[in-house]
1. Using DSSP to define loop residues, name the trypsin sites (Lys or Arg not before Pro) in segment 269-330 whose beta-carbon has at most 11 other beta-carbon atoms within 10 Å.
2. Mind listing the long-range amide H neighbours of G251? Cut-off is under 5 Å, sequence gap 5 or more, other chains count too, H placed in the peptide plane at 1.01 Å from N.
3. With runs of 4+ DSSP H residues as the only contributors, calculate the mean residue ellipticity of the chain at 222 nm using -39,500 (n - 2.57) per run, divided by the residue total and rounded to the nearest 500.
4. Please turn the phi angles of segment 232-239 into ³J(HN,Hα) values with the Karplus equation 6.51 cos²θ - 1.76 cosθ + 1.60 (θ = phi - 60°), one per residue in order, whole Hz, x for glycine and proline.
5. Helix 391-405 versus the longest principal axis of the chain: what angle, 0 to 90°, nearest 10, using Cα atoms?
6. Karplus couplings for segment 201-213 from phi (6.51 cos²θ - 1.76 cosθ + 1.60, θ = phi - 60°), rounded to Hz, Gly and Pro as x?
7. Working out 0.36 nm times the residue gap between E225 and R262, then minus their Cα-Cα distance, what length gain in nm do you get to one decimal?
8. Enumerate the calculated ³J(HN,Hα) couplings along segment 300-307 in order (Karplus 6.51 cos²θ - 1.76 cosθ + 1.60, θ = phi - 60°), each rounded to whole Hz, writing x wherever the residue is Gly or Pro.
Amino acid sequence: MDKPLTKNIEIGRAPFDFKQYEAAGGYDSVRKVIKMEPGDVVNMVKDAGLGGRGGAGFNTGLKWSFVPPPDGGPRYLVINGDEMEPGTFKDRLLIEHDPHLLIEGMITTCYALQAQTGYIFLRGEYTICEERLLQAISEAYDNGMLGKNVAGKKGFDLDIYLHTSAGRYICGEETALLNALEGKRANPRAKPPFPQVSGLWGRPTVVNNVETICNIPGIVANGVEWYQNLGTGDFVGTRISGVSGRVINPGCWEVPVGITFRELLEDYAGGMQDGYELKAFLPGGGSTDFLMPEHLDLPMDPGAVQKAGSRLGTSLIMVLDDKTCPVGCIRNLIKFFAHESCGWCTPCRDGLPWVEHILNKMEEGTGSLKDIDILDEMTRYMGPGNTFCALAPGAAEPLQSGLKYFMDEFKAHVEHGCSYN
């Protein structure tokens, strides 16, 4: 790219109030959608090809289509704003600087789902987000976009509530989030039934990520073809992508889907800082497998990244430089995940602390080659299909890829401990 095509988030700018947001085209999707049939809105989002931005990437409209027909009882939309994935900070910036975009997306989505209530489940530490969301919700009520007969549409009633989380990374798992919202311990639920059929208080519920719902107003207001043309090549839409670590310009940008990791790292983040070289990177937050410099020319697309042996996840790169210990980096991630385990299943509750213990030994120079074999075994013990949810399998990804790419480093730690200190 000669010049990055991006909607750069202006950190110093205060968020628009209702009138400013409306003057810039805000709430146009609500005025358009109330003239449509709800099923047509679901199909529009499905045809647009919007994948979920929380990490799984599942087609959003298809997810909505699993909600059964109305039966006269309540239906819910729940927004997952419990952003605690290491290296991930896109939802915070969206809420802090454009809270009305999320509110508009929720209104439009609730119309499509024929839901009467929406909840925003927000990470408790996001106090600025809380303040700005409460203000935006209040303004939306005052201007007829929430409450009875939304935007003048008779019979379309909608209330939105903000719930600040008491904490725990596990609340990012959608069924654990629902338990927490109900006032229960944040343990994942067995699936099926899936939340679309039996979710919050046993009623049909859709759980979507903040960024996912922020895409909805543009799709509805401008159409499927408009959204699909925002990507590059065969890819559709845009997404918030970012870089953290020892780069010149760390941050978040709205970029066309399909740009390469190299473009994000070099054209947007400015490349590595002087005196540092790229050793590896986590492509989508702390629970993804490491990729290497030879993977930089991959398009930032879930399918392409999966073929390379990792996941795009939240599309926020964590850079590992040549002066940072990869074993120490992995240990820090494992420590976080071990602390955040809900304790529901054995591989996660007991396996992650044991892995942390072994990595601590290696950092201190008291490990053994047998410990490396145990770590390799533990990645399978905590892998998919052996745990109740995806927390432990996600935590195992940086470890399993670290053993693949940095085995010499692990062996060096056995011989003399960490040499990066």
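Every read-out reported here was derived from the displayed coordinates using simple, explicitly stated rules and does not represent laboratory data. It should be emphasised that the depicted structure is a prediction, and the values quoted were computed from it without experimental measurement. Cβ: placed from backbone, ideal geometry, glycine included. Neighbour counts: every protein chain shown.
1. Within segment 269-330, the qualifying trypsin sites (Lys or Arg not before Pro) (loop, at most 11 other Cβ atoms within 10 Å) are K323.
2. V243
3. -11500 deg cm²/dmol
4. Result, rounded to whole Hz: 10, x, 8, 8, 10, x, 10, 8.
5. 40
6. Going residue by residue, I get 6, x, 10, x, 9, 10, 10, 10, 6, 3, 4, 4, 5 Hz, with x marking Gly and Pro.
7. 10.6 nm
8. 7, 10, x, x, 5, 5, 5, 5
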